[in-house]
Structures are given as C-alpha cells and as structure tokens.
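The values are calculated or read from the model by the stated rules, or taken from the named source; none is laboratory data. In this text the structure is predicted, and so the values were computed from the model without any measurement. Here the Cβ positions follow ideal geometry from the backbone for every residue, glycine too, while neighbour counts run over all protein chains shown. Ligands, DNA and RNA are stripped out before the accessible areas are found, and what is left, the full protein with its side chains, is counted by its heavy atoms. Shrake-Rupley method; radii C 1.70, N 1.55, O 1.52, S 1.80 Å.
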Amino acid sequence: MSETAILMAAGMGTRMRPLTETTPKPLIKVNGKPMIETVLDGLKNRGVEKFLVVVGYLGKQFGYLEEKYENLKVVENKDYQTINNISSIKAVANELIKSQDDVFICEADLYVSDSSIFNAQLDHSCYYGRMVKGHSDDWVFEQYEEGHIIRVGKAGNDCFNMVGIAWFKNYDAHMLGKLIEERYGTEGFEELFWDDVVNENLDELNLIVHEVYEGQLVEIDTVDELKEIDSSYK
C-alpha cells in the first residue's frame, strides 16, 4: 500500500517570536536544518510517495519545497487566521476522500532527531504518543486496557501524550476526510482542532497509540526551548 503524508504548516508560531516575525516556524533551522525538513526526510526515507504541505502564514516561503522534494505539493489554507487547525485538514479533505493511500498527518514544526520513528511497521490506524507519568495538561490519549483510544483531549494522568504524528489506514483516512467535511461550517467549528473531530467519532475511527520515546522528536515552542537544543541561538 502506498502512503501520502500531510504536513500542517499554516500556524503563526507566535510563541517563538521574534524569529517567526519573518520566518514561518516550520522553516526555523535547528542544528542547521529547517524543522519541516527533518519530518520530510524521515517520511521520504520510509518510502512515502506523496506529500501535501498545508500552509498559511508566510506561505510563499514554503514554495522551494516543491523543487527540493519529488511529488510534493504546497496547499494553501485560506482560513488559517480565523479558524483553528481543522481548516488545514479541510484544505486537503478531498484528497483524503478520494485517495486509496494510507496517510500520515504530521505537525510541520517538529524537530525529528531520530528518523527511525518513521520506520515502524504500522498495521492499525494510530497516533504516535509518548508516555508521561503523573499529570499532563497537554493533549493526551485515554485507552481501554487492550489499547484502543477512547478519548483524545486535553489533560490526563499517566497517559500517552500527543507528539504531532498520526497514521491512518486508507479507509480511516477516507472516513476522516468525510467527517471533517461534514463538521466544517457547523456550530462551533471555528474553534476546533482536527483532533476534536477524531474524538467526536471514535466509534467510527478505531485508533491505538504507537509509542515513541523521549528525545526521538520534540515540538519546540519557544526561543528558550530552541536554545536548549541548538546552542547557536544562544
């Protein structure tokens, strides 16, 4: 089965100002390489055949990727300023509906230091997650004992935390595209993350967690966090 990857790169990265005043966050270099390219290279090495990069803020700066990577298309999210990130998946929902591929959905502002995380044999639709003991205020997954996800949402105790990568079997990717299309434009949709739509439909989207570990990848949110990983910013 061939695979497509959707990379979400539309956000404004306000917590990383002033760096993001002129450069979109996924193009900030970490140890000499734009964050988005650490994700793209890992996916490419896996053998992913098609890439859709959804852009918004300073979106034209991503154009070079179409020249650098084969079968990569930059897609504009025109609603990124007024609607939450459900709008980025809406921008490619038709691709999800019509495609026969299995699909990765990845945040583009991840720094992947261990690209082997993309080499896993994936047979079941899943979110990548990192176990956090104790309380976490971040996005977490609650599961039945056998591993199936029963909640995707904020805050939890002794839970796997979301790390910004998901993988959908083709039939689940098709279903997700339809569910996003149906939810878009309904009451309160402007505030939704695309993961909220997943959470609302866990009876139809059967998901588990694929475990990753501390240090394999990180979402860098602030300049101070960036300095900890790349000393050149100090």
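Would you confirm whether or not the stretch 198-219 contains a residue that is over 27 Å from D102 (Cβ atoms), open to solvent by less than 10 Å² (accessible area, probe 1.4 Å) and touching a helix residue (DSSP H, G or I) at 6+ places or on another chain (Cβ under 7 Å)? The answer is no; no qualifying residue exists. Could you say whether any residue in the stretch 144-166 is part of a helix (DSSP H, G or I), exposed (fewer than 15 other Cβ atoms within 10 Å of the Cβ) and not aliphatic (A, V, I, L, M)? Looking through the stretch 144-166, none of the residues is part of a helix (DSSP H, G or I), exposed (fewer than 15 other Cβ atoms within 10 Å of the Cβ) and not aliphatic (A, V, I, L, M).
Filter the stretch 132-156 down to the residues that are of a type outside the set (S, T, Y) and more than 19 Å from L202 (Cα to Cα) and list them by number. Full working, then the answer.
So the first thing to find is which residues in the stretch 132-156 are of a type outside the set (S, T, Y), and the list is 132-135, 137-143, 145-156.
Answer for the stretch 132-156, where residues must be of a type outside the set (S, T, Y) and more than 19 Å from L202 (Cα to Cα): V132, K133, G134, H135, D137, D138.
Quickly run through the stretch 92-141 and pick out the residues that are closer than 29 Å to F189 by Cβ, among the small types (G, A, S) and free of Cβ contacts under 8 Å to residues at least 60 places away in the same chain. Across the stretch 92-141, the qualifying residue is only S136. Kindly indicate the residue of the stretch 117-142 that is in a loop (DSSP other than H, G, I, E, B) and surrounded by 12 or more Cβ atoms within 10 Å (Cβ to Cβ) and also nearest to the chain's Cα centre (by Cα) among those meeting that condition. Out of the qualifying residues, it is S125. The condition of being more than 13 Å from the chain's Cα centre (by Cα) and part of a helix (DSSP H, G or I) does not hold for E70. Scanning the stretch 3-57 for residues that are in a strand (DSSP E or B), over 30 Å from H174 (Cα atoms) and β-branched (V, I, T) gives a single hit, V30. Quick check: anything in the stretch 75-85 charged (D, E, K, R), over 16 Å from the mean Cα position of the chain (by Cα), part of a loop (DSSP other than H, G, I, E, B) and surrounded by fewer than 16 Cβ atoms within 10 Å (Cβ to Cβ)? Yes - at least one qualifying residue is present in the stretch 75-85. Within the stretch 42-63, the set of residues being open to solvent by 40 Å² or more (accessible area, probe 1.4 Å), touching a residue at least 60 places away in the same chain (Cβ under 8 Å) and in contact with a strand residue (DSSP E or B) (Cβ under 8 Å, 6 or more places away or on another chain) comprises just one member, R46.
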